[in-house]
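Report on the structure given below.
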Amino acid sequence: MSPLRTFRTLTRSALAGAAVVLLAACQTSGTASPATTGPTSSTTSTGTTSTGTTSTGATDTGSCPAVRQPATAPPTPAGPPLLVVTHGANYWVASPQTEPYRIALWPDGTVIVTDDAGERTRPPARFRIGTVGDCATAAVVRQIRELSRQDMGTPSITDQGTTHVALGSGQGAVTIDVYGFGVGDEYVSPVQRGHRADLRRLLDGLAAAVTGAPRWTPDRVRVVESSGPRTDTPVTWPSGVDLDGALRHRAPGGRCGVLTGRAATAVLDRLGSGPVQSVWRVGVLTKVLLVAPLVPGQPDCPRI
């Protein structure tokens, strides 16, 4: 079966049940073909798909047992994630100020995922938390290391985002940066397109493995002063939450800071289903603020 047909089959299985999806996410890596930088008519040992995408076969062999998702949300993981993945949305959709990690994986197999890219006009991101187990975690680590050695190409299109994948920290850490991931795949060579397909299959499988997992409630919120119209009905800032004390860093358009614990919960509860960028009444002042929940391990106020 071709890699593309395999991917379609796994996608349908994901919709049918999380157990089958987990097998897709847990598949171990094979040996990747050498990366090339231009179009080629040759095929790797796994062949060329019907769309002209040459796959390395990075997710074609082996499997891990299905892992039952918890009925209630487990504790928020302690320590930094082992693997983080950003959405890579372009600035017109979201921005580094509001975008949460799409996937965060911890060494014990705990995963926090979201489908929301942090768009300013939509409610704050919603997350789910689950587990993929030791086997899948080890398989993902192997495959990310393998894919980090492949050439993903740079499509000749503009104004797109870059998806950032980071595994580990310090010595031995690896990163993969893919510009125009998805939207720009048709503008790279068949071999590069195959590497992108392998990465997408791996990441989508990891996220789908915790379909149906319980909701995770953020305990950190980034708040950034912004500009914009102030014609909307203001949201009243919670009393007892020190906004000025939190806004300690500089950001484009204003100051930036992070609220934690009860203060973060109070702000998210007050905002409710309102948009990430909203007008707030803070004492006697009216402010336009970005309120963005953070996944553990995300920086307070990144250099934007």
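What follows draws every value from the coordinates through simple rules; no lab data is involved. Here the structure is a predicted model, which means the values were calculated and not measured. Virtual Cβ from ideal backbone geometry, glycine too; neighbours counted across all protein chains shown.
A few remarks follow.
Okay, residues lined up against (1) surrounded by 13 or more Cβ atoms within 10 Å (Cβ to Cβ); (2) free of Cβ contacts under 8 Å to residues at least 12 places away in the same chain; (3) not in a loop (DSSP other than H, G, I, E, B):
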position	(1), (2), (3)
MET152	yes, no, no
ILE157	no, no, no
ALA166	yes, no, yes
GLN171	no, yes, no
ASP177	yes, no, yes
ARG230	no, no, no
THR233	no, no, no
HIS249	yes, no, yes
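- Qualifying positions in region 132-145 - touching a residue at least 60 places away in the same chain (Cβ under 8 Å) and surrounded by 21 or more Cβ atoms within 10 Å (Cβ to Cβ): VAL132, ALA136, ALA139, VAL140, GLN143, ILE144
- LEU268 being under 24 Å from ARG102 (Cα atoms) and part of a strand (DSSP E or B): no
- Answer residue from region 251-265, given it is of a type outside the set (A, V, I, L, M, F, W, C) and part of a helix (DSSP H, G or I) and is surrounded by the fewest Cβ atoms within 10 Å (Cβ to Cβ) among those: GLY261
- Condition met for ARG149 (closer than 25 Å to GLY272 by Cα and out of contact with any Gly (no Cβ under 6 Å at 6 or more places or on another chain)): no
- Just one of the listed residues (VAL191, VAL221, VAL241) is over 18 Å from the mean Cα position of the chain (by Cα) and not in a loop (DSSP other than H, G, I, E, B), namely VAL191.
- Flag for THR211 being surrounded by fewer than 19 Cβ atoms within 10 Å (Cβ to Cβ), within 17 Å of the chain's Cα centre (by Cα) and among the hydroxyl-bearing types (Ser, Thr, Tyr): yes
- Filtering region 121-131 to residues that are surrounded by 18 or more Cβ atoms within 10 Å (Cβ to Cβ) and of a type outside the set (A, V, I, L, M, F, W, C) leaves PRO124, ARG128, GLY130, THR131.
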